[in-house]
């Protein structure tokens, strides 16, 4: 009898986390879409998180990486194809 009560208490304690985990896995793509649109969050205790600044930094870094020439090796030498040199 005591064992069945302990098992029942474990089931009661674990049912809601398992439900949340199952639903989050089931609606995984929808949850990703919601979090991708999240710009600012406020939590209890006065903690706020602003994702807009991080998004801006990531966008700027992405543009820098895309603008960087990609080196290639030709005849044992490093060659930058998009590098343009001009004489004045």
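The values are calculated or read from the model by the stated rules, or taken from the named source; none is laboratory data. The shown structure was predicted, so the numbers you read here are calculated from the model rather than taken from an experiment. Neighbour counts are summed over all protein chains in view; Cβ atoms, including those assigned to glycine, are modelled from backbone coordinates with ideal geometry.
Just a few scattered comments:
- Under the condition of being under 16 Å from the mean Cα position of the chain (by Cα) and outside any helix (DSSP H, G or I), the residues counted in region 21-42 number 4.
- For region 46-57, the condition of being assigned to a helix (DSSP H, G or I), at pLDDT 80 or above and either out of contact with any strand residue (DSSP E or B) (no Cβ under 7 Å at 6 or more places or on another chain) or surrounded by 10 or more Cβ atoms within 10 Å (Cβ to Cβ) (or both) holds for at least one residue.
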